[in-house]
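Undergrad: My questions all concern the structure below.
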Amino acid sequence: MNLKIHKCEKFSIICNNIASDKSISHRVAIFSLLSNKPSFVRNYLQGDDTLHTLQIAQMLGLNVAEYDGGLILTPPDKIQEPCDVLDCGNAGTAIRLYMGLLSSQKGMFVLSGDRYLNKRPMKRIISPLKSIGATIYGREDNNYAPIVIHGGHLESFNYTSEISSAQVKSAMILAALFAKDSCIYSEYELSRDHTERMLVGMGAEIENMDNNTIKINPLKEKLKPIEIEIPSDPSSAFFFAVAVSIIPDSRCILKNVLLNKTRIEAFKALEKMGVIINYKETSNIYDSIGDIEIISPSELCAVDIRDNISWLIDEIPALAVALSCANGTSSVRNAKELRVKESDRISSIVNNLKKCGIEVEELEDGFVITGGIPRYAKVDSFGDHRIAMSFAILGLKCGIDIEDSDCISVSFPNFVEILKQITRIECEG
C-alpha cells in the first residue's frame, strides 16, 4: 500500500489510543513462559511483531485465552519442543530474546524471520551464548538467521558487551536465569532497562552494581505471574510529538504513556530544540506511566545528538524529521547501530531527506542536517515501519507519497487512523 499525506496547518489533538508499548508486550509474552501461575494482561499490542512473539510463546506451550477484555497467559510446566520453525516475522526483539531463553532449555529450536530480519546481525547474540556453552548456529558463520539451537546447560559468565543494546542484554539475562551460578553483565553505556525491571517485579534476583553492571542470580523457583495493563509506547507517541514540533501553533496530549527515563530521551532532545513538553505521572506499576503535553515552539532550534544514543536509537528517524525543519545545522553521531536496524536507517533517512530537498551529509555513524523548507516528494519506506511513519509526519509539512507503507502495521496498526484526525490521507494499492 502507498500513502499520500497532505499538508496541514495547525492542529490540536488528544491521543488516547497510541499503540501499546512494543517492548513490554514482547517481554510479557516471553516472561509469562517462566511464571508459576497465569498472568493477566490488558492492552497487549496487536502489531505484527508482538503477535509473532505471542504465537511463538504458544508454540512453546503458553496457553492464551481472552478474559474480561484482556488475555490470560497460562504457562506450561516446562517449555515444549516445537514441531515447526519459530517464525519471528520482522521482530528483532523476538528472535534475540528467544535465543537467550531457548539456549538453556532442553530441545531443538529453529528461529527464523522475514527477508529483512534474516539480514540483520545475530553474531552479537550467538558469540556470547556460545562462550558459555550454548549449542547454537546461524547462517554465514553465525551472522544471520535462520538460527538452530540445541538447548542445554549453560555456564556462568562475567561478560562486558561492546554494544549498548537492550536486546543483547536481555538475551544474556534470560540465559543467566538458568546458568550454573551467578552471572555479571556490563555495558559501556546503560541501555534500556525493561527486562531488569519486569523480571525483578516477577521475583528474579537482579542487582544493579556500579558502572552499568548488573548481577543476575539463577532462578531458584519459577517467577511470579504478571498482572499489567500495558501503557502506550513512547516511541510510537514520539511521532506525534514531532508533528507538533514542526507545525506551528499546534498542541497534543499523549495519554497513558510509559515514562521510563531510558525511553523518553528523544522527548528531552525536542525540549533542547525549544519544544514545550510537560510530563504528568499518573501511576507507577513496574514503571512510571503518565501523560505528555507537547506545545509547538516559536522557533525550532538545531541541536547536536551524541549522548545516550541507546536511549533514543529507535526515535532517530522521527527526530531527523524535526532536525530537517529546525533553524541551523544539527548532527546525530555515535549512532552506527542504525545501520543494522530494519533497514540501514542512516542511508534511508539521508536518501529520503535529499528527495525532500533537505541538505544532509551522511556519516558512518550518523548524519549532519541543515534545516530548511522541505518539498513534496515520493519516498521509499525501505520496508521499515519507523522510516514510513517518520516521513508520513514530514508530509504534514510539505505533502508526501510513501511507497510500501504496509510495514507500519509491524508496531503501530492504528497510526494512519490517528493521523487522519490531523490531515487528509489517500491510500492506494
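The values are calculated or read from the model by the stated rules, or taken from the named source; none is laboratory data. Computed from a prediction, not measured in an experiment: that's the story for all the values here. Because the Cβ atoms are built from the backbone with ideal geometry, glycine has one as well, and the counts that use them run over all protein chains shown. We work out accessible area using only protein heavy atoms, side chains counted, and drop any ligands, DNA or RNA first. Shrake-Rupley method; radii C 1.70, N 1.55, O 1.52, S 1.80 Å.
Undergrad: So, residue 175, is that one in contact with a Cys (Cβ under 9 Å, 6 or more places away or on another chain), within 18 Å of residue 50 (Cα to Cα), buried (at least 21 other Cβ atoms within 10 Å of the Cβ) and modelled with pLDDT of 95 or more or not? Outline the logic, then answer.
TA: Values: in contact with a Cys (Cβ under 9 Å, 6 or more places away or on another chain): yes; within 18 Å of residue 50 (Cα to Cα): no; buried (at least 21 other Cβ atoms within 10 Å of the Cβ): yes; modelled with pLDDT of 95 or more: yes.
So residue 175 does not fit the description; no.
Undergrad: Please state which one of 115, 96 is among the basic types (Lys, Arg) and either crowded, with 18+ Cβ neighbours inside 10 Å or closer than 17 Å to residue 230 by Cβ (or both).
TA: Numbers: 115 fails: either crowded, with 18+ Cβ neighbours inside 10 Å or closer than 17 Å to residue 230 by Cβ (or both).
The unique qualifying residue is 96.
Undergrad: May I pose another question? Any residue in segment 357-374 that is over 24 Å from residue 314 (Cβ atoms) sitting within a Cβ distance under 6 Å of a residue that is basic (Lys, Arg) and modelled with pLDDT of 95 or more? List the pairs, counting only those 6 or more apart or interchain.
TA: What qualifies is 357/375.
Undergrad: Continuing with the same structure: Could you tell me whether residue 84 is in contact with a helix residue (DSSP H, G or I) (Cβ under 8 Å, 6 or more places away or on another chain), modelled with pLDDT of 95 or more and open to solvent by 40 Å² or more (accessible area, probe 1.4 Å)? Show your work before the answer.
TA: Values: in contact with a helix residue (DSSP H, G or I) (Cβ under 8 Å, 6 or more places away or on another chain): yes; modelled with pLDDT of 95 or more: yes; open to solvent by 40 Å² or more (accessible area, probe 1.4 Å): yes.
Judged against the criteria, residue 84 is a match.
Undergrad: Which condition breaks for residue 73 when tested against (1) assigned to a strand (DSSP E or B); (2) open to solvent by less than 10 Å² (accessible area, probe 1.4 Å); (3) closer than 30 Å to residue 161 by Cα?
TA: In the conditions (1) assigned to a strand (DSSP E or B); (2) open to solvent by less than 10 Å² (accessible area, probe 1.4 Å); (3) closer than 30 Å to residue 161 by Cα, residue 73 misses (3) alone.
Undergrad: Name the single residue that is nearest to residue 336 (Cα to Cα) among those in segment 164-210 being out of contact with any helix residue (DSSP H, G or I) (no Cβ under 9 Å at 6 or more places or on another chain) and among the small types (Gly, Ala, Ser).
TA: 186
Undergrad: Within segment 21-48, count every residue that is among the polar types (S, T, N, Q) and open to solvent by less than 10 Å² (accessible area, probe 1.4 Å). Let's see the steps before the verdict.
TA: Narrowing segment 21-48 to residues among the polar types (S, T, N, Q): 23, 25, 32, 35-36, 39, 43, 46.
In the following step, the residues that additionally are open to solvent by less than 10 Å² (accessible area, probe 1.4 Å) were identified as 25, 32, 35, 39.
Residues flagged as among the polar types (S, T, N, Q) and open to solvent by less than 10 Å² (accessible area, probe 1.4 Å) within segment 21-48 amount to 4.
Undergrad: When the residues of segment 256-271 are filtered to those that are in contact with a helix residue (DSSP H, G or I) (Cβ under 9 Å, 6 or more places away or on another chain) and touching a residue at least 60 places away in the same chain (Cβ under 8 Å), which remaining residue is surrounded by the fewest Cβ atoms within 10 Å (Cβ to Cβ)?
TA: Once the filter is applied, the top-ranked residue is 262.
Undergrad: Could you pull out every one of the strands (runs of 3 or more DSSP E) wholly within segment 327-428 that has 1 or more residues that are hydroxyl-bearing (Ser, Thr, Tyr) and surrounded by 23 or more Cβ atoms within 10 Å (Cβ to Cβ)?
TA: Numbers: elements: 329-332, 359-363, 366-370, 377-380, 400-403, 425-428.
Passing ranges, in order: 329-332.
Undergrad: Residue 102: free of Cβ contacts under 8 Å to residues at least 60 places away in the same chain and within 30 Å of residue 37 (Cβ to Cβ), yes or no? Break it down into steps so the answer makes sense when it comes.
TA: On the way: free of Cβ contacts under 8 Å to residues at least 60 places away in the same chain: yes; within 30 Å of residue 37 (Cβ to Cβ): yes.
When the stated conditions are applied, residue 102 passes them.
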